[in-house]
Amino acid sequence: MKVDISDIPEYKTFDDYPKGTVFVHKEHFPRYILNPFEIIRPEDPRYETALTGEQLEKLIANTS
């Protein structure tokens, strides 16, 4: 089970979840689409498939 920490109600603690639960933070960093170049924010449905900043840097480094 994966639970976003921001979704945990104030009256619950980590101990209220089953053993093996993975707690995550939502990513709030922009991502990128190259053609045409565009910055994608987390609320955009294309966010999941867009490049992370690290992926973009590696791609640029490999083409130089």
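Data overview
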{"read-out": "In the range 21-48, the residues that are under 22 Å from Asp7 (Cα atoms) and in contact with a Gly (Cβ under 8 Å, 6 or more places away or on another chain)", "value": "Phe29, Pro30"}
{"read-out": "Any chance Ile60 is outside any helix (DSSP H, G or I), out of contact with any Gly (no Cβ under 8 Å at 6 or more places or on another chain), without any contact (Cβ under 8 Å) to a residue 40 or more places away in the chain and aliphatic (A, V, I, L, M)", "value": "no"}
{"read-out": "Subset tally (residues that are more than 22 Å from Thr49 (Cβ to Cβ) and in a strand (DSSP E or B)) for the range 1-21", "value": "1"}
{"read-out": "Pairs, first open to solvent by 80 Å² or more (accessible area, probe 1.4 Å) in the range 14-29, second aliphatic (A, V, I, L, M) and part of a helix (DSSP H, G or I), C-beta under 8 Å, six or more apart", "value": "His25/Ile5"}
{"read-out": "Scan of the range 38-47 for residues that are at pLDDT 90 or above and either outside any helix (DSSP H, G or I) or open to solvent by 70 Å² or more (accessible area, probe 1.4 Å) (or both), ordered by number", "value": "Glu38, Ile39, Ile40, Asp44, Pro45, Arg46"}
{"read-out": "Filtered residues of the range 48-64 (kept if open to solvent by less than 100 Å² (accessible area, probe 1.4 Å) and either in contact with a strand residue (DSSP E or B) (Cβ under 9 Å, 6 or more places away or on another chain) or among the basic types (Lys, Arg) (or both))", "value": "Ala50, Leu51, Thr52, Gly53, Gln55, Leu56, Leu59"}
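The values are calculated or read from the model by the stated rules, or taken from the named source; none is laboratory data. Model, not experiment: these values are computed from the prediction. Note: ideal-geometry Cβ built from the backbone for every residue, glycine included; neighbour counts use all protein chains shown. Quick note on the areas: whole protein, heavy atoms, side chains included, nothing else; ligands and nucleic acids left out. Shrake-Rupley method; radii C 1.70, N 1.55, O 1.52, S 1.80 Å.
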